[in-house]
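Here is the structure we will look at, set down as structure tokens.
The values are calculated or read from the model by the stated rules, or taken from the named source; none is laboratory data. These numbers were taken from a predicted model, which means no experiment stands behind them. Note that each Cβ is placed from the backbone with ideal geometry, even for glycine, and that neighbours are counted across all protein chains shown.
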Number of protein chains: 2
Amino acid sequence: MNEFELLARIIPTLPGNDSLVKGAGDDCAVLDLGLKDELILLKTDAVVEDVHFTSEAPAARVGRKALGRTLSDIAAMAGKPIACLVTLGLPAEFDADFVTQFYEGLNDLAREYNVAVAGGETTRTTDKTFISIALLGTIPRQRILSRGGAKPGDAIFVTGELGGSISGKHLDFEPRIREAQWLAENFALHSMMDLSDGLAGDLRHILNASHVGAELLSSAIPISPAAKLKAKNGSSAKPPLLAALTDGEDFELLFTLPPKDAVRVLDGWKAAFPKLKLTCVGKISAEGGLRIRDKEGIRELGLRGYTHFQKS
Amino acid sequence: MNEFELLARIIPTLPGNDSLVKGAGDDCAVLDLGLKDELILLKTDAVVEDVHFTSEAPAARVGRKALGRTLSDIAAMAGKPIACLVTLGLPAEFDADFVTQFYEGLNDLAREYNVAVAGGETTRTTDKTFISIALLGTIPRQRILSRGGAKPGDAIFVTGELGGSISGKHLDFEPRIREAQWLAENFALHSMMDLSDGLAGDLRHILNASHVGAELLSSAIPISPAAKLKAKNGSSAKPPLLAALTDGEDFELLFTLPPKDAVRVLDGWKAAFPKLKLTCVGKISAEGGLRIRDKEGIRELGLRGYTHFQKS
């Protein structure tokens with residue numbers, strides 16, 4: 001039994017109550033505490049030494065990343081972040097400079113998004129450092145975004161450029177809080193999430209939750225310079241397109257909206273965020289499955305699809 | 001620089017915002033999100049394999065403990081717990097049964113206190129298992145309890161019996177949610193916290209935050225049967241009274257209130273919670289420091305105080 005099968009078995013057993021609007025399975029939990037106009041978002045996320053960062057990573061960038069990941073999840077719901085708590089698991093022989101610089105990086109990002117660092121705790125570990133961040137935010141009551149609202153015909157968009165995050169972006173990415181709020185305020189988004197496991201994998205979460213399929217346009221996928229460079233200099237065996245489809249930790253937004261809004265969102269975006277790409281990468285289909293179209297035709301983007309890319 | 005010195009340096013650097021009512025330094029963070037009658041409590045707490053539990057501890061009890069610790073912090077503020085998120089760090093070779101049983105124990109306790117388990121995540125660790133729980137709760141607006149409100153003359157109370165928690169209670173303790181709410185509803189508590197580091201150490205947090213001192217009455221300290229047994233059978237080198245003063249993880253309530261209410265709280269308690277002890281263990285003094293009175297007289301309970309106990 002793998003982790004996903006195990007969680008699929010556990011999730012239905014989790015108790016709810018009258019306050020719970022959305023539980024496990026979306027980017028954030030959604031709670032109704034009786035605020036007139038808003039619902040509460042709650043998210044936790046952990047980063048672990050030698051899994052999500054190496055001991056060589058500058059501590060300030062680790063702090064920034066730890067908070068940034070949860071901000072990206074709040075962005076996925078077009079939420080407003082409010083306050084976080086920091087849990088820091090440290091080995092007995094911890095480095096005080098690491099902790100000080102970790103908080104400098106985290107505090108800087110918190111200030112940028114007006115997030116209160118409301119406390120937290122340090123705890124002892126036997127070996128490696130770990131960090132867990134809990135972030136509370138809000139969304140307007142009428143604006144619950146989820147992965148499950150994509151409709152056949154929807155245009156599929158991504159922000160930024162994809163792939164090669166490991167070269168550095170995974171530590172320095174900018175969570176798309178402002179962009180997501182702008183999108184949700186100006187458009188009737190059908191679904192949204194943040195890209196953490198790669199476009200192909202994450203889009204599948206939207207397809208599964210929405211009971212639809214999708215067709216991506218190969219030539220439209222925005223490939224990051226880092227992904228191209230890694231393929232060119234041999235530091236990655238993945239061709240750039242495969243990297244853009246499958247590399248993790250892009251922390252960009254993936255969303256779908258009705259085709260009639262596609263041109264309007266692109267035009268509005270250019271004016272609002274001139275420095276950040278927004279790209280229509282394909283469309284949602286009634287037929288299930290994930291397909292990709294290129295000059296050779298259209299094919300399923302299953303495990304064999306990836307194999308094909310890896311050989312080409 | 002030890003952990004406490006380091007945190008003392010970091011805490012003043014943490015950014016706040018308009019929503020933050022109380023940040024680092026109390027049992028829970030307190031946020032004002034604009035609810036008419038309530039404030040939000042937020043707390044995270046981590047337990048780590050081989051630090052807070054051994055690999056022999058039954059998984060269901062580990063799950064119960066992980067959530068119970070945060071419930072105890074909500075109790076310390078007389079709050080109402082609402083929803084939690086669970087972060088589970090697992091080694092690559094994790095045991096599916098551990099995870100299933102962990103959630104059974106956690107879910108049972110969540111149901112007992114009507115807490116929604118609103119999701120969470122699993123993440124990979126390189127070695128040991130860790131768990132971090134984030135818990136959100138509420139308190140009535142007018143009822144912010146803290147460690148900083150103790151006044152000279154206050155009577156000092158503890159619930160339950162202290163010491164020897166490692167014999168089993170640390171895994172099975174009952175968080176004092178109902179008791180704390182009853183206390184806060186019926187009495188003007190001056191200060192409250194939960195006992196996690198031992199009465200002597202935790203009371204010092206109240207004394208420091210309140211700028212007062214205290215005198216404990218040796219014969220009044222409620223010593224748990226477990227602490228007595230451990231001293232008797234030689235499994236602990238601590239005399240029972242020292243264990244009751246310094247053992248960690250009691251997860252009982254420690255609170256102070258005006259002396260005029262001391263008899264009324266004891267009488268009311270007996271009717272409300274007939275199975276749980278409530279004991280007046282001393283009084284708050286204007287003079288700083290922590291003293292203990294026994295048949296030999298009164299002495300400072302500093303490091304030398306503990307040494308004295310350890311020799312006796």
Could you please give the count of residues in the stretch A:95-115 that are over 22 Å from residue A:42 (Cα atoms), of a type in the set (Asp, Glu) and either part of a helix (DSSP H, G or I) or within 18 Å of the chain's Cα centre (by Cα) (or both)? 2
So the check is Cβ under 6 Å with 6+ separation or different chains; which pairs have a first residue in the stretch B:1-30 that's free of Cβ contacts under 8 Å to residues at least 40 places away in the same chain and a second one that's hydroxyl-bearing (Ser, Thr, Tyr) and surrounded by fewer than 20 Cβ atoms within 10 Å (Cβ to Cβ)? B:3/A:122
Which ones in the stretch A:190-220 are touching a Gly at 6+ places or on another chain (Cβ under 8 Å) and either among the acidic types (Asp, Glu) or part of a loop (DSSP other than H, G, I, E, B) (or both)? A:190, A:196, A:197, A:198, A:211, A:212, A:215
For residue B:87, indicate whether it is within 20 Å of residue A:11 (Cα to Cα) and either at the interface with chain A (Cβ under 10 Å from one of its Cβ atoms) or at pLDDT 90 or above (or both). yes
Those residues of the stretch A:22-72 which are acidic (Asp, Glu) and at pLDDT 95 or above, in sequence order: A:32, A:37, A:38
With the requirement that a residue be within 12 Å of chain B (Cβ to nearest Cβ) and touching a helix residue (DSSP H, G or I) at 6+ places or on another chain (Cβ under 9 Å), what does the stretch A:67-81 give you? A:67, A:80, A:81
Reported set for the stretch B:263-296 where residues are more than 15 Å from residue B:192 (Cα to Cα), touching an Asp or Glu at 6+ places or on another chain (Cβ under 9 Å) and among the aliphatic types (A, V, I, L, M) is B:272, B:276, B:290, B:292
Report yes if residue A:88 is buried (at least 18 other Cβ atoms within 10 Å of the Cβ) and over 20 Å from the mean Cα position of the chain (by Cα), otherwise no. yes
Residue, surrounded by the most Cβ atoms within 10 Å (Cβ to Cβ), within the stretch A:93-114, restricted to residues that are over 16 Å from residue B:1 (Cα atoms) and within 7 Å of chain B (Cβ to nearest Cβ): A:110
Looking only at residues that are aliphatic (A, V, I, L, M), surrounded by 14 or more Cβ atoms within 10 Å (Cβ to Cβ) and assigned to a loop (DSSP other than H, G, I, E, B) in the stretch A:272-301, which one is farthest from the chain's Cα centre (by Cα)? A:301
Out of (1) among the small types (Gly, Ala, Ser); (2) at negative phi; (3) without any contact (Cβ under 8 Å) to a residue 12 or more places away in the chain, the one residue B:297 does not meet is (2)
Looking only at residues that are touching a strand residue (DSSP E or B) at 6+ places or on another chain (Cβ under 7 Å) and of a type in the set (Lys, Arg) in the stretch B:82-138, which one is farthest from residue B:39 (Cα to Cα)? B:128
Tally up the residues in the stretch A:144-167 that are outside any strand (DSSP E or B) and modelled with pLDDT of 90 or more, please. 15
In the stretch A:255-271, what residues are assigned to a helix (DSSP H, G or I) and either in contact with a strand residue (DSSP E or B) (Cβ under 8 Å, 6 or more places away or on another chain) or not aliphatic (A, V, I, L, M) (or both)? A:259, A:260, A:261, A:262, A:264, A:265, A:266, A:267, A:268, A:269, A:270
Considering only the stretch A:116-143, state which residues are in a loop (DSSP other than H, G, I, E, B), of a type outside the set (Asp, Glu) and either closer than 22 Å to residue B:86 by Cβ or facing chain B (nearest Cβ under 7 Å) (or both). A:126, A:128, A:129
Kindly indicate whether residue A:25 is out of contact with any His (no Cβ under 7 Å at 6 or more places or on another chain) and under 22 Å from residue A:115 (Cβ atoms). no
Every residue from the stretch A:1-21 that is modelled with pLDDT of 95 or more and either assigned to a loop (DSSP other than H, G, I, E, B) or more than 7 Å from chain B (Cβ to nearest Cβ) (or both): A:14, A:15, A:16, A:17, A:18, A:19, A:21
Quick check on the stretch B:194-211. Is at least one of its residues crowded, with 24+ Cβ neighbours inside 10 Å and within 14 Å of chain A (Cβ to nearest Cβ)? yes
For the stretch A:30-61, name all the residues that are within 11 Å of another protein chain (Cβ to nearest Cβ) and either among the β-branched types (Val, Ile, Thr) or at positive phi (or both). A:30, A:34, A:40, A:44, A:47, A:48, A:50, A:51
Looking for whichever is in contact (Cβ under 8 Å) with a residue 12 or more places away in the chain, of a type in the set (Phe, Trp, Tyr) and within 27 Å of residue B:287 (Cα to Cα) here; the options are B:173, B:187. Which one fits? B:187
Of the residues A:179, A:174, A:161, only one is crowded, with 17+ Cβ neighbours inside 10 Å, of a type in the set (Asp, Glu) and under 12 Å from the mean Cα position of the chain (by Cα); which? A:174
Quick check, is residue B:271 modelled with pLDDT under 95 and among the aliphatic types (A, V, I, L, M)? no
